[in-house]
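The structure appears below as C-alpha cells.
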C-alpha cells in the first residue's frame, strides 16, 4: 500500500481574528479548526502528519503531539509554496503527499480519499469547486480539451480569467518525489511577491503530468476562516449539518437553528429536543427521551424514556431509564441516577448514586452520597459533605425518608427504613426502622407580645 504523508499548513497568525490565540485553535462546534482536520486525517489510518506551524507554534504543538505527528516551523510568511517547503525534510521518499489547511476545518475524509485515489506517477490531484461568486479565489484555467493547465490567483488574473467560476481550494495531492523536484522551481514573481503552491499545476503540465480535478460534496468543506464573522458563519453551517444528521437518525428538533452540538452525540429514536440545548463532549441519548428548552448536557449518558425538563445542567453523569430531572436541576460530575428516579427543581447533586425509585424533589443539595432504592429526600435537605478539609460520604439505605429542611452531617449513615424528622440536624447513625429527631425542644411563651417600633 502506498504511503500517505499529510502536510497541514497551520502557520498563519490570523491578524483579522484579533486574538492572542493562534487562528487554527479557534473552535468550530466545540473542536479547534486544526482539530477537525487532524480528526479527518486520523480517521483514514495512522499516516504521517507534518504540521507546519508559525504563530503560536508552542500552543499548537502542545495540543497535537502524537507519535505520528511531526512539527516544522515557517518562521517567515512567504506564501503557501514556502510553507510546504518547510515540510520537505520530513516527507517519506516514496509517499503520496496531500496538502491540507488548518483553517479549512470541515473537509470530509471521503473527499480526502477521492483526491488521493487519482494520484499516480503521471497524474496529480486537485480539489476544485464551482462558485457563483468566486471573489478572492484563484481561478482554474483549462484548455480547449478541458484539461487543467494552470491556476491564476485573482490579483494576477486578466478580465477574462476573472469570469471563470471554477476555483482552487488549495488542496492538492502528488508524489513526494515530484514535490521535492518541483517546489524549488516556484518563484515569487507575482502581485503578492509570494511563493504560490498553485504554481505546481503549471509545472506539472510542463512535465507531462495530468492534473485531475476532484469536487467536494459541498462548499462548506472548503470554506476557510479569516475572521470571527466567517468563523460564526461556518459554525452555523456545520451545526445545521449536525442537526440534519440527528433528525435523519430519528430525533425531532423544535428548531434546528437553535441547536448546538459541540462534540459527539449519539441518539436513539423518537427523541425530542427543544430550543437552545447544548450537547458538549461525548453524549449518548437512548430512545423516547424528551429534553426541554435551555438544557446543557456534557459527557453524559441518558437512558430510555427520560424526561429532562427546561434549564437543566447535566455533567459527567449517568441517568437511568424513566428518570425525571428538572426544571432548573444540576447534576454535577459523578452523579448516577437509577431507573424511575426523580431530581426536581433547584436540586443539585454531586458524586451521588441514587437508587431505583428514589426522589429528590426540590430545593436540596445531595453530594458524596449513596442512596438506596425508594428513598425520599424532603425539600431543603442538605448533605454536609465537607468539613473544611476533607469530603465525607452520606449513606442512606433502602426506603429511607428524610423530612424537609434536614441537615445530614457526613460521615453519616441512615439504615434501611430509617426516618429523619423534618428540621433535624443528624450527626450520628440512625438504625433501621428508627426515627431520628435532631432539633431543639419547642417552647411556647404565653402572653408574648410582638415588638413595636419606638416613637422618635
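Do we find a residue being modelled with pLDDT of 95 or more, in contact with a helix residue (DSSP H, G or I) (Cβ under 6 Å, 6 or more places away or on another chain) and not assigned by TED's automatic domain parsing to the domain that holds residue 24 anywhere in region 276-293? Checking region 276-293: at least one residue is modelled with pLDDT of 95 or more, in contact with a helix residue (DSSP H, G or I) (Cβ under 6 Å, 6 or more places away or on another chain) and not assigned by TED's automatic domain parsing to the domain that holds residue 24.
A single entry from 93, 19 fulfils the requirement of being over 27 Å from the mean Cα position of the chain (by Cα), in the same structural domain as residue 201 (by TED's automatic domain parsing) and modelled with pLDDT under 95: 93.
Note on region 107-124: among residues that are crowded, with 23+ Cβ neighbours inside 10 Å and touching a helix residue (DSSP H, G or I) at 6+ places or on another chain (Cβ under 7 Å), the one that is nearest to residue 205 (Cα to Cα) is 124. When residues in region 153-205 are screened for being more than 38 Å from the chain's Cα centre (by Cα) and either assigned to a helix (DSSP H, G or I) or under 18 Å from residue 126 (Cβ atoms) (or both), 14 of them pass. The single condition among (1) closer than 19 Å to residue 4 by Cα; (2) in contact with a strand residue (DSSP E or B) (Cβ under 6 Å, 6 or more places away or on another chain); (3) buried (at least 19 other Cβ atoms within 10 Å of the Cβ) that residue 168 does not satisfy is (1).
Just checking, does region 433-450 include any residue being surrounded by fewer than 17 Cβ atoms within 10 Å (Cβ to Cβ) and assigned to a strand (DSSP E or B)?
Yes, there is a match, as at least one residue in region 433-450 is surrounded by fewer than 17 Cβ atoms within 10 Å (Cβ to Cβ) and assigned to a strand (DSSP E or B).
The values are calculated or read from the model by the stated rules, or taken from the named source; none is laboratory data. Please read all numbers here as calculations on a predicted model, not as lab measurements. Virtual Cβ from ideal backbone geometry, glycine too; neighbours counted across all protein chains shown.
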